[in-house]
Amino acid sequence: MISTLLQNVRDNKPLVHNITNYVTVNDCANIILASGASPIMADDIDEVEEIVSICDGLNINIGTLNKRTIESMIAAGKKANELNKPIVLDPVGAGASKLRTETAKKLLNEIHFSVIRGNISEIKTIAGLSADTKGVDAGISDIVTADDIIQLSDFCKSFAKKTGSVIVVTGAIDIICDAEKAYEVRNGRPEMSSVTGTGCQLSALTAAFISANTDKVTEASLAAVCMMGLAGEIAYERMTDLDGNSSYRNYIIDAIYNMNSEKLDTGSKYKEIKK
Amino acid sequence: MISTLLQNVRDNKPLVHNITNYVTVNDCANIILASGASPIMADDIDEVEEIVSICDGLNINIGTLNKRTIESMIAAGKKANELNKPIVLDPVGAGASKLRTETAKKLLNEIHFSVIRGNISEIKTIAGLSADTKGVDAGISDIVTADDIIQLSDFCKSFAKKTGSVIVVTGAIDIICDAEKAYEVRNGRPEMSSVTGTGCQLSALTAAFISANTDKVTEASLAAVCMMGLAGEIAYERMTDLDGNSSYRNYIIDAIYNMNSEKLDTGSKYKEIKK
Amino acid sequence: MISTLLQNVRDNKPLVHNITNYVTVNDCANIILASGASPIMADDIDEVEEIVSICDGLNINIGTLNKRTIESMIAAGKKANELNKPIVLDPVGAGASKLRTETAKKLLNEIHFSVIRGNISEIKTIAGLSADTKGVDAGISDIVTADDIIQLSDFCKSFAKKTGSVIVVTGAIDIICDAEKAYEVRNGRPEMSSVTGTGCQLSALTAAFISANTDKVTEASLAAVCMMGLAGEIAYERMTDLDGNSSYRNYIIDAIYNMNSEKLDTGSKYKEIKK
């Protein structure tokens, strides 16, 4: 199942419009290319509506946001909604500043997102719960463990119901859910958090997946999460004693590039969360 | 011949001013350094004229443009013209939005460029022909093949005559021409398009070459195109089964860094296009 | 001694706010992560004060500055001063344009910096001396040699006294000093200058070090300089004939990631400068 969703990315080669931060933008472009899709980055108000119109999907990431780009996010998002193109929201750092929290909430009010992906602190923040944010990382008290996964998946499902979005919470255990169904994913490596922007990259990859699988947003998001985590595992196996987080960054993207159906179907570790 | 032009880059170490997009800017800086030149990036209207004055050449790339940086591009370009410093234009995504198409045309109206480098869809767009653009990539119906190379080189020559610029169209086969002479280059690998910004990097490299070879703009552009393609070939040979587009990006820049006269003269695959 | 300062970074995991250029920002984020600290990048006036409040330190780098970000630098810097959080200034390209020189001076007037790190041309420029700047690199006549190190350390000490900052001048020989004491460091490799942003990376790393060692700013800066240079040496040993500046970039960050106490204490080459 998972591999069919990847195959659709490779066959359809969707064009993905990204309005994203300048820190990890290059990695986002390369991971989209690695998946078989094509990226275009554009953030000026005078072109975002036109750019989103020629694209298959949109990825909005609020890292290094500013007044100019916030306006462009709103305009691009509304246009994408109008044209029925899928959109991912990555609320980077929501909870770390009022500007980020309020921008994320404003985006949620004005735009319908197909997928919202963040760490648990960001998702709790935008859902209106108090959260323990540490900059752009989840706070320690927020980390998802096996013990609280049912409780958290319930929270995510209810947020999914409220927003009409697929909710993706990533961490040691990832949760992907819509209003009806929730999955957990146990792919990935803790070392991935030592590479800047693996979250941003996953959001970009998710945008590629849902752009090529518009009728299966939940499953496509699940596939993207499995693939990113599995790429982290494959890349980790490749590490030598001399390699660190910079080589790891390259190896993760390389592993996305070299992913095939067999590896993906065999390596994906997901299951439905049931009570 | 080609290697002498590279040697001039290494001997003169030109300082190249770049006003470029935030997606591929780091790779542009590193490829300029790899060639033996030095980069400086500056895009504020209050400094671009001064920065271009201390530089040997200018590279204007319209990816992720905005109103603020467009104004700076115009100012920097005019100053470079006034001081007789060579300028490269990379009209990234011309055809994908009115803002990009009109900005590229405005730049062409107000500034004389030594070199204009783009894919065929971008070049057709700015020449006023209809083009089949796909985001920042050339559309399929625009791809240059052996069959239409004479026709295309005629079009490029006439655009070169009209603009007074060397025209560089890159793709599976590259065309480099001025009003009188056209060359084709058959270096490169199709996998280069899976690395974001290889086009931007070539424009930056071309700026380094023409800044060090101001009296041989056509030949210097030809040399840059050969060197970039050859670097793509050398880098490709180095790829293992685990390497993907991210490692390939590093290997291409590494190959520019390690290029020498012998490799470049032996490996360059160019010839004049004659009817 | 040096390794204890690194251990504090790894134990305290300080959160470092960066207002920095879009050229080398990704490498700055990854080197901060490699050191054991966490980066957050934010440059909008509406959030910088809040972001700096949740962080342990601030890194201000004036590369690719613009009117919007200059205002944010001032606001963030003042807030950090108010909250007694350490700040690094990297005056990239001071001397290359009036905007950069005046911005650096304005920052120095309005904000107290714990550390100012630049090449000798930049430091001379902001100290009000005439300097031989070449873009973002030091001019040849400014390069620090063994012969003039005492004279230069005297100049740096007096600038340290005037500003109340630790002054870090990097080049073939690095100088680190406060008003009382000066050190020289002889770690590093000349090839590091062929990687864009190794200076920016060092400033980011220094911000991580002083954020975790607020009571030992001089020693923490010295440790960061030794560690960066040593990482350059370790990374260089790893280079193959095919590797160039792009792989070198990765290997340097990898070497920071893999640095341990033994390597750092054994490999650091510093001594106090005495007359």
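The values are calculated or read from the model by the stated rules, or taken from the named source; none is laboratory data. Note that the coordinates shown come from a computational prediction; the quantities given were computed from them, not determined experimentally. Reconstructed Cβ throughout: ideal geometry from the backbone, glycine too, with neighbour counts over all protein chains shown. Please note that ligands, DNA and RNA were not included when accessible areas were found on the heavy atoms of the full protein model with its side chains. Shrake-Rupley method; radii C 1.70, N 1.55, O 1.52, S 1.80 Å.
Here are the numbers for this structure:
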{"read-out": "Sum of side-chain charges, residue C:222 neighbourhood, beta-carbon under 15 Å (Lys, Arg +1; Asp, Glu -1)", "value": "-1"}
{"read-out": "Those GluC sites (Glu not before Pro) in region B:159-193 that DSSP places in a loop and that have at most 15 other beta carbons within 10 Å", "value": "B:180"}
{"read-out": "Residues in region A:182-224 that, when all protein chains are in place, have 30 Å² or more less accessible area than the chain alone would give (probe 1.4 Å)", "value": "A:194, A:196"}
{"read-out": "Of every Cα-Cα pair in chain A, the percent that sits beyond 28 Å", "value": "27"}
{"read-out": "Rg(Cα)/(2.2 N^0.38 Å) for the protein assembly as shown, N = residue count", "value": "0.90"}
{"read-out": "Å² per residue, accessible surface of the protein assembly as shown at 1.4 Å", "value": "34"}
{"read-out": "Gaussian network model of chain C, Cα within-10 Å springs - most flexible of C:60, C:19, C:45", "value": "C:45"}
{"read-out": "Order by protection proxy (mean Cβ within 10 Å, highest first), peptides C:246-254, A:266-274", "value": "C:246-254, A:266-274"}
{"read-out": "Label point 7 Å beyond Cα along the C-beta direction, distances from residue C:265 to other copies (nm, shortest first)", "value": "5.5, 5.5"}
{"read-out": "Set C:181/C:269; B:78/B:105; A:161/C:13; A:13/B:67; A:105/A:275 screened for pairs whose C-alpha atoms are more than 26 Å apart", "value": "A:161/C:13; A:13/B:67; A:105/A:275"}
{"read-out": "Cα-based reach from residue B:263 at 16 Å (exclusive), listing aspartates and glutamates while leaving out same-chain residues under 8 positions away", "value": "B:233, B:237, B:254, C:241, C:243"}
{"read-out": "Cross-link partners of residue C:157 among aspartates and glutamates (Cα-Cα below 12 Å; sequence separation of 8 or more within a chain)", "value": "C:178, C:180"}
{"read-out": "Protein heavy-atom accessible area occluded, A/B pair - total, 1.4 Å probe, Å²", "value": "2700"}
{"read-out": "Residue of chain B whose Cβ sits closest to the axis mapping B onto C, with distance in whole Å", "value": "B:22, 2"}
{"read-out": "Burial of 40 Å² or greater, region A:252-268 residues [accessible area, probe 1.4 Å, versus chain by itself]", "value": "A:254, A:257, A:258"}
{"read-out": "Whole-percent carbon and sulfur share, accessible surface of region C:61-194, 1.4 Å", "value": "50"}
{"read-out": "Whichever aspartates and glutamates have a C-alpha closer than 15 Å to that of residue B:124, once near sequence neighbours (fewer than 8 apart) are set aside", "value": "B:90, B:102, B:132, B:137, B:142, B:148, B:154, B:174"}
{"read-out": "Whole-number percent relative contact order across chain B, with pairs defined as alpha carbons under 8 Å at least 6 apart", "value": "22"}
{"read-out": "Residues with amide H under 5 Å from that of residue C:166, placed H, sequence gap 5 or more", "value": "C:115, C:116"}
{"read-out": "Pair residue A:154, residue A:67: separation of 7 Å Cα→Cβ label points (nm)", "value": "4.5"}
{"read-out": "Total formal charge among the other residues, if their Cβ is under 12 angstrom from that of residue C:36, Lys/Arg +1 and Asp/Glu -1", "value": "+1"}
{"read-out": "Radius 10 Å from Cβ of residue B:168, net charge of other residues (Lys, Arg +1; Asp, Glu -1)", "value": "-1"}
{"read-out": "Full-stretch length increase - residue A:263, residue A:240 - with 0.36 nm per residue and alpha-carbon distance subtracted", "value": "6.1 nm"}
{"read-out": "Debye equation applied to the C-alpha atoms of region A:192-275, log10 I(q)/I(0) at 0.18, 0.22 Å⁻¹", "value": "-0.78, -1.07"}
{"read-out": "Cβ crowding within 10 Å averaged over residues, with C:218-228, B:66-76 ranked highest first", "value": "C:218-228, B:66-76"}
{"read-out": "Shape category assigned to region C:45-96 from the gyration tensor of Cα positions, a/c cut at 1.5", "value": "oblate"}
{"read-out": "Kirkwood-based shape ratio for region C:142-263, expressed as Rg/Rh from alpha carbons", "value": "0.99"}
